[in-house]
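Undergrad: Input: one structure, supplied below.
The values are calculated or read from the model by the stated rules, or taken from the named source; none is laboratory data. Because the structure is a prediction, the values reported are computed rather than measured. Ideal geometry is used to build each Cβ from the backbone, glycine not excepted, and the neighbour counts take in all protein chains shown.
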Amino acid sequence: MSSPERAIINLLLDLALSFDGAVLGLTLAISAVGSAIKCASTNAALNKINDAPEVSVADLRSLLPASEDKSETNDHGTSSDQRLVVVRGFVRPKISGDDNVLISSETGDKALIIQRTQTYVYSGWKRLFHSTGYRFMLERSMPKQGVDFMRKVPFVIVGNDQQSQSSYLFVNMDGSRQPLPLTTVYNRLQPINTSFLQAFLFPEYPVGLLDVEKILPPGKDITAVGICSFKNGVPEIKSCQDLPYFLSEMTKDQMIEELMDQTSFIFLGSVILGIVSVGILSYAAVRTWNRWKLRNQQRELTQRPSEPIVDDEPEDAEEIPDGELCVICVTRRRVPAFIPCGHVVCCRLCASTVERELNLKCPVCLQSIRGSMRVYYS
């Protein structure tokens with residue numbers, strides 16, 4: 001680890017532990033709240049998928065019996081009746097024929113969706129020889145993408161035993177952001193001609209290009225989870241932005257099981273973060289309260305008017321018994337008693353010196369004291 005990176009880590013640790021850990025506690029509390037919100041959204045998605053009916057393509061018309069009639073009277077051509085459903089089936093192009101599918105330029109496979117991603121790969125010399133820690137972390141956390149594009153053709157979902165061309169479910173991909181069940185058919189790392197000096201002196205210069213192509217082949221068995229409605233008499237399904245799935249290779253039971261595991265894990269993490277943040281914030285609050293009280297005591301002592309101390313009448317130390325001499329100066333007689341311990345161990349001058357200290361303690365028993373009072377013997 002280079003010196004700038006070590007300095008950054010030390011700076012972050014100092015900031016996190018500042019104010020007796022209050023910053024760290026607040027950060028953990030915010031993380032706990034974010035985890036709780038994510039847990040609630042995941043649980044809501046779980047309930048939606050669990051309550052959604054799992055139907056075949058042929059049963060969609062019976063599920064929404066009046067949708068087709070309403071769709072004909074709607075100005076926009078869409079039905080106002082919509083419902084979240086789970087449909088399992090095979091994908092095929094909307095219009096049959098080889099002219100209505102895509103062909104992979106690398107493998108020649110037929111596809112309904114082709115996603116091509118090209119990512120530049122950079123050398124690792126910068127980690128060893130360069131000391132620009134800020135730039136290093138930013139560039140490594142955000143790799144530069146060369147090309148990322150997707151091609152797709154209209155496709156539908158048909159039932160497992162459905163051979164008719166007139167009964168299908170059209171998949172509307174507009175606005176969908178969920179991951180797609182694509183199959184990787186091409187993955188190649190193409191090196192870029194780079195000299196040793198270029199890689200050593202210019203770490204931003206790419207040394208390779210990672211080319212990946214993924215496709216959705218016709219006939220693949222998938223599950224669609226989304227909002228189903230009828231448009232011009234044809235059943236159509238759209239993605240629901242509140243759900244993490246739209247088109248997936250998993251079945252409904254597998255989705256529910258995965259969401260249950262995620263909910264349990266996120267909930268446990270939020271509870272742990274919440275407990276730790278409460279403990280750290282409580283510790284910081286107690287430390288701050290104690291410092292505030294100590295500061296107030298110090299302020300009261302500094303603002304207290306200094307009273308003139310009248311020394312006892314001078315005495316000859318040789319005439320005072322050893323058991324009555326002050327334990328601090330060992331020259332004057334013990335006169336005042338400390339409150340509340342009651343020890344008579346100091347003269348008036350040394351007792352006043354003890355009372356001016358920030359941490360008032362008896363010099364014998366080390367118990368906290370509030371002051372002293374003169375003791376008279378009759």
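Undergrad: Checking S31 against (1) small (G, A, S); (2) modelled with pLDDT of 85 or more; (3) not assigned by TED's automatic domain parsing to the domain that holds V271, only one condition comes out false. Which one?
TA: Answer for S31: the failing condition is (3).
Undergrad: Would you please name the residue that is modelled with the highest pLDDT, looking only at residues in the range 144-162 that are under 18 Å from T223 (Cα atoms) and part of a loop (DSSP other than H, G, I, E, B)?
TA: Of everything passing the filter in the range 144-162, P154 is modelled with the highest pLDDT.
Undergrad: Output the residues belonging to the range 173-183 that are out of contact with any Leu (no Cβ under 6 Å at 6 or more places or on another chain) and more than 14 Å from R151 (Cα to Cα). Working first, answer last.
TA: Residues of the range 173-183 that are out of contact with any Leu (no Cβ under 6 Å at 6 or more places or on another chain), as a first pass: 173-179, 183.
Within the range 173-183, G175, S176, R177, Q178, P179, T183 qualify.
Undergrad: To continue, here is another question. Looking at the structure I just gave you, is S229 surrounded by 14 or more Cβ atoms within 10 Å (Cβ to Cβ), in the same structural domain as M150 (by TED's automatic domain parsing) and of a type in the set (S, T, N, Q)?
TA: On the way: surrounded by 14 or more Cβ atoms within 10 Å (Cβ to Cβ): yes; in the same structural domain as M150 (by TED's automatic domain parsing): yes; of a type in the set (S, T, N, Q): yes.
Here the answer is yes, as S229 does meet what is asked.
Undergrad: Answer with yes or no whether I369 is in contact (Cβ under 8 Å) with a residue 12 or more places away in the chain and in contact with a Gly (Cβ under 6 Å, 6 or more places away or on another chain). Walk me through it before giving the result.
TA: Numbers: in contact (Cβ under 8 Å) with a residue 12 or more places away in the chain: yes; in contact with a Gly (Cβ under 6 Å, 6 or more places away or on another chain): no.
Judged against the criteria, I369 is not a match.
Undergrad: How many of the residues making up the range 244-255 are surrounded by fewer than 17 Cβ atoms within 10 Å (Cβ to Cβ), of a type outside the set (D, E, K, R) and touching a residue at least 12 places away in the same chain (Cβ under 8 Å)?
TA: Total satisfying the criteria: 2.
Undergrad: Looking at the range 95-113, can you tell me whether even one residue there is at pLDDT 85 or above and in contact with a Ser or Thr (Cβ under 7 Å, 6 or more places away or on another chain)?
TA: yes
Undergrad: Can you tell me how many residues within the range 232-243 are crowded, with 16+ Cβ neighbours inside 10 Å and within 34 Å of the chain's Cα centre (by Cα)?
TA: 5
Undergrad: Return yes when S270 is modelled with pLDDT of 90 or more, buried (at least 19 other Cβ atoms within 10 Å of the Cβ) and not assigned by TED's automatic domain parsing to the domain that holds Q118 and no when it is not. Full working, then the answer.
TA: Working: modelled with pLDDT of 90 or more: yes; buried (at least 19 other Cβ atoms within 10 Å of the Cβ): yes; not assigned by TED's automatic domain parsing to the domain that holds Q118: yes.
Against the criterion (modelled with pLDDT of 90 or more, buried (at least 19 other Cβ atoms within 10 Å of the Cβ) and not assigned by TED's automatic domain parsing to the domain that holds Q118), S270 qualifies.
Undergrad: Report whether or not C365 is under 60 Å from the mean Cα position of the chain (by Cα), at pLDDT 75 or above and surrounded by 14 or more Cβ atoms within 10 Å (Cβ to Cβ).
TA: On the way: under 60 Å from the mean Cα position of the chain (by Cα): yes; at pLDDT 75 or above: yes; surrounded by 14 or more Cβ atoms within 10 Å (Cβ to Cβ): no.
Taking the combined requirement at face value, the residue does not satisfy it.
Undergrad: Continuing with this model, one more query. For the range 227-260, which positions are at pLDDT 90 or above and either at positive phi or of a type in the set (V, I, T) (or both)?
TA: Listed by number, the residues that qualify are I227, I237, T251, I256.
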